Amino acid sequence: MFCRMRAAILALILFGTGCATPDRLSYSEVDSRALDRTMRYAVWAPVDWRADESLPIVVFLHGAADDETCFDEAGVGESLDRALAEGSIPRVIVVVPDGRLGFWENWYDGSQNYRDWVLQEVMPEVAARYRTLPCPEGCHVAGTSMGGHGAVRFALFEPDQWSSIASLSGFILSTDQVMLFSEEWFTRLFIPMDRIWGPVSDRERIERHDPYLRWQTQADLRGARLLVAWAENDESRILESNKAFEDHLSERRIDHEAIVFRGGHDWKSWTPVIEQVLRFAVWGSIESAPGTALEAASEPAGALEGAAPHRIDHDTDPALMEGG
């Protein structure tokens, strides 16, 4: 599926990875006005979900190599089923829209509107079908890789929409980093930068959506909780960008959760962290809810064993910030 996109090589390295099991999630098609074509999204709901209950909604944005099927292809739905049965994650509705290789942006040239597709079409339809809780209290955005980048961008463009924001292995760049990145011949060869984000020479426009500039104080998050996570063996640029962004948040005393998890840029490593994201979103902590017997986002069953996430504590374990 990834070969259909011309930005394949670079986006695979920086923004995604390929995600097979029978379908656990339910799938729907929408004739999207925002994208002028038929699009799909997937929904994970508790197997015993009842039509008379209202649950929080988590919008999960996939990476560049993925689409709306990634939770099924990576076995995430089954993993969440087990965690819910154990009481180690909250009851939520998770929606996974197809974002193709659109970087979850409303493109500068007006040809693609991926953010509108999610906010104006997917979320209202899912809210009506599943009676999800209203925003912002009941709405959360998260993503992996390209989707981690997208989650941060969604929060910058729609700051009053979300109760929590979570970026897993996202590429989080300052204005200067965006400008340097865009000047590389390899980037410009494979990613239509000007079509997606506009002329890179327009520094003032880039600065308007720079998370380093927009998030200077706790108040700038507008009450939303923030989680940033990356793998010990993530791609070097992703490691650098996440460490720099976490330093920025810490230096400005902006409340956030930062974790480094074992593994690399892949679903095997992300899956146990997704359970932590759901706890963080609804319960406000990556740990278990009070009164539950959680042994183990660090000890998931089967092939995920050993992919434990670790919270960063600058006072007691600064070595984690060096990737150790």
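Observations on the structure shown:
Yes/no matrix, rows are residues, columns are (1) under 24 Å from Leu80 (Cβ atoms); (2) of a type outside the set (S, T, N, Q):
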{"residue": "Leu189", "(1), (2)": "no, yes"}
{"residue": "Gln216", "(1), (2)": "no, no"}
{"residue": "Ser241", "(1), (2)": "no, no"}
{"residue": "His248", "(1), (2)": "no, yes"}
{"residue": "Arg262", "(1), (2)": "yes, yes"}
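- Within the stretch 46-64, residues that are within 16 Å of Trp117 (Cα to Cα) reach partners that are of a type in the set (D, E, K, R) and in a loop (DSSP other than H, G, I, E, B) with beta carbons closer than 9 Å, at six or more positions or on different chains, in the pairs His62/Glu68; His62/Asp98.
- Any hit, the stretch 164-174, residues being in contact with a Lys or Arg (Cβ under 6 Å, 6 or more places away or on another chain) and not aromatic (Phe, Trp, Tyr): yes
- Contact map, the stretch 102-128: residues that are under 20 Å from Ala65 (Cβ atoms) paired with residues that are aliphatic (A, V, I, L, M) and assigned to a strand (DSSP E or B), Cβ distance under 6 Å, separation 6+ or inter-chain. Pairs shown: Trp104/Leu61.
- Helices (runs of 4 or more DSSP H) contained entirely in the stretch 117-232, each with at least 2 residues that are under 30 Å from Ala51 (Cβ atoms), among the small types (Gly, Ala, Ser) and modelled with pLDDT of 90 or more: 123-130, 146-157
- In the condition set (1) closer than 14 Å to Met146 by Cβ; (2) part of a strand (DSSP E or B), Val94 is compliant with all but (1).
Yes or no, residue by residue, for (1) within 23 Å of Phe60 (Cβ to Cβ); (2) touching a His at 6+ places or on another chain (Cβ under 9 Å); (3) surrounded by fewer than 16 Cβ atoms within 10 Å (Cβ to Cβ):
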site	(1), (2), (3)
Gln218	no, no, yes
Arg225	yes, yes, no
Leu239	yes, no, no
Glu246	yes, yes, no
Trp267	yes, no, no
Trp270	yes, no, no
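- Residue in the stretch 301-323 that is assigned to a loop (DSSP other than H, G, I, E, B), at pLDDT below 95, of a type in the set (A, V, I, L, M, F, W, C) and out of contact with any Phe, Trp or Tyr (no Cβ under 9 Å at 6 or more places or on another chain) present: yes
- Here Ala64 fits the description: in a loop (DSSP other than H, G, I, E, B) and within 14 Å of the chain's Cα centre (by Cα).
The values are calculated or read from the model by the stated rules, or taken from the named source; none is laboratory data. Predicted, not measured: the structure shown is a model, and the values here were computed from it. So basically every Cβ, Gly included, is an ideal-geometry build from the backbone, and we count neighbours across all protein chains shown.
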